[in-house]
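Colleague: I have a structure I would like to understand better, so I am pasting it below and will then ask my questions one at a time.
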Amino acid sequence: NHRIDEAVRRILSVKCAFGLFDKPRPALRKWSNHTSFGCDEHRQVARKAVRKSLVLLNNSNNILPLKKNARILVAGKNADNLGHQCGGFTVNWQGVSGNAEIVGGTSIWQGIKQVAENAQLSVIGETPYAEGMGDIRDDDKIITESGSQINGQVKVLRALGDSLELNKLYPEDLQTIKNITRKGVSVVAILVSGRPLIIEQELVTSSAFIAAWLPGSEGQGISDVLFGDYDFSGKLSFSWPQLSQPKVNKGDKNYNPLFPYGFGLSYS
């Protein structure tokens, strides 16, 4: 109890110093529920952020940028899913699946459809999670009291999986890629994920591979770059792990990531 009191006291001290308790309630503040919220100007800023955050990991034979008049197939569970693009960063505690609850946004598929009618694209990766529900660890049946979100019930905090291997967490993604490449069609894979994952199998099966992270509501920022209207500029802020070295950081002894810290290709 002493440790908890000490931690809470520090938090409250910072809030007092910041003047948080002297401010009106959030609902009464100047910009609360302002009509500009979600306006086109705001969405253009978000769209620009998507363009700048994408990291091009592979581009075999310069398959990218795609031609806008090319034949295009958009496939994969994250291709037309705004909820998956946002991950756990929504008003729902563990995120949502589908487009209905993300008002005014654009999925990756919708962004592509706006500029091209036909190509080959596979959008793979994670589904939403937040906090401990996204843990990669042995499922050790940790018990947590999750509080008011679930009416104070005591529940088991289950791990998402025990491996960072994309193929183990979501085997359907590699299957999607293989189903397409078996027909002799090249794949540009877009990985929607909240973290770097072990992707060797998916990478070697694809002609190009993009780390799109959690792009949020403005999926057309991805099509802006896919078709060459803008160049890739994002660089890895993490060292990308590989199966033989799943825990890897810059400065480690025998540093040998799949892609090093700061890596990122571009058209230029």
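Colleague: Counting just the residues of the range 142-178 that are hydrophobic (A, V, I, L, M, F, W, C) and part of a helix (DSSP H, G or I), which one comes out modelled with the lowest pLDDT?
Modeller: Among those residues, the one meeting the criterion is Ile150.
Colleague: Still on this structure, I have one more. What do you reckon, is Lys30 open to solvent by 100 Å² or more (accessible area, probe 1.4 Å), modelled with pLDDT of 95 or more and either touching a Lys or Arg at 6+ places or on another chain (Cβ under 9 Å) or more than 27 Å from Ser186 (Cα to Cα) (or both)?
Modeller: Here the answer is no, as Lys30 does not meet what is asked.
Colleague: Something else now. Name the residues in the range 212-253 that are under 18 Å from Leu169 (Cβ atoms), touching a residue at least 60 places away in the same chain (Cβ under 8 Å) and open to solvent by less than 50 Å² (accessible area, probe 1.4 Å), would you?
Modeller: Residues satisfying the conditions are Ala212, Trp213, Trp240, Pro241.
Colleague: Can I ask one more? Would it be correct to say that Gly264 is surrounded by 13 or more Cβ atoms within 10 Å (Cβ to Cβ) and closer than 20 Å to Gly194 by Cβ?
Modeller: The answer is yes for Gly264.
Colleague: Looking at His42, His84, which one is in a helix (DSSP H, G or I), open to solvent by 50 Å² or more (accessible area, probe 1.4 Å) and not β-branched (Val, Ile, Thr)?
Modeller: Exactly one of His42, His84 is in a helix (DSSP H, G or I), open to solvent by 50 Å² or more (accessible area, probe 1.4 Å) and not β-branched (Val, Ile, Thr), namely His42.
Colleague: Follow-up. Sort through Thr90, Thr35 and tell me the only one that's hydroxyl-bearing (Ser, Thr, Tyr), at pLDDT below 95 and open to solvent by 80 Å² or more (accessible area, probe 1.4 Å).
Modeller: After ruling out the rest, the residue left standing is Thr35.
Colleague: All but one of (1) buried (at least 18 other Cβ atoms within 10 Å of the Cβ); (2) of a type in the set (Asp, Glu); (3) within 27 Å of Gln220 (Cβ to Cβ) hold for Glu165; state the number of the condition that does not hold.
Modeller: (3)
Colleague: Right, next: Yes or no: Leu56 within 23 Å of Lys235 (Cβ to Cβ), in contact with a helix residue (DSSP H, G or I) (Cβ under 7 Å, 6 or more places away or on another chain) and outside any helix (DSSP H, G or I)?
Modeller: It is false that Leu56 is within 23 Å of Lys235 (Cβ to Cβ), in contact with a helix residue (DSSP H, G or I) (Cβ under 7 Å, 6 or more places away or on another chain) and outside any helix (DSSP H, G or I).
Colleague: Enumerate the pairs (first residue in the range 31-49 and without any contact (Cβ under 8 Å) to a residue 60 or more places away in the chain; second residue anywhere and open to solvent by less than 50 Å² (accessible area, probe 1.4 Å) and not acidic (Asp, Glu)) with beta-carbon separation below 8 Å, excluding pairs fewer than 6 apart on the same chain, so at least 6 apart or on different chains.
Modeller: Note: pairs meeting the criteria are His42/Ser36.
Colleague: Report the residue count in the range 216-245 for those that are more than 19 Å from the chain's Cα centre (by Cα), part of a loop (DSSP other than H, G, I, E, B) and modelled with pLDDT under 95.
Modeller: Counting residues in the range 216-245 that are more than 19 Å from the chain's Cα centre (by Cα), part of a loop (DSSP other than H, G, I, E, B) and modelled with pLDDT under 95 gives 2.
Colleague: When the residues of the range 180-211 are narrowed to those that are open to solvent by 50 Å² or more (accessible area, probe 1.4 Å) and touching a residue at least 12 places away in the same chain (Cβ under 8 Å), which ends up farthest from Tyr129 (Cα to Cα)?
Modeller: Filtering first and then ranking leaves Val185.
Colleague: If you take the residues of the range 65-81 that are within 21 Å of the chain's Cα centre (by Cα) and part of a loop (DSSP other than H, G, I, E, B), which of them is surrounded by the most Cβ atoms within 10 Å (Cβ to Cβ)?
Modeller: Residue satisfying both the conditions and the ranking: Asn78.
The values are calculated or read from the model by the stated rules, or taken from the named source; none is laboratory data. Owing to the predicted nature of the structure, the values given are computational and were not obtained by experimental measurement. Heads up, the Cβs are rebuilt from the backbone with ideal geometry, glycines too, and the neighbour counts pull from every protein chain shown. Surface areas here come from the heavy atoms of the whole protein model, side chains and all, with no ligands, DNA or RNA. Shrake-Rupley method; radii C 1.70, N 1.55, O 1.52, S 1.80 Å.
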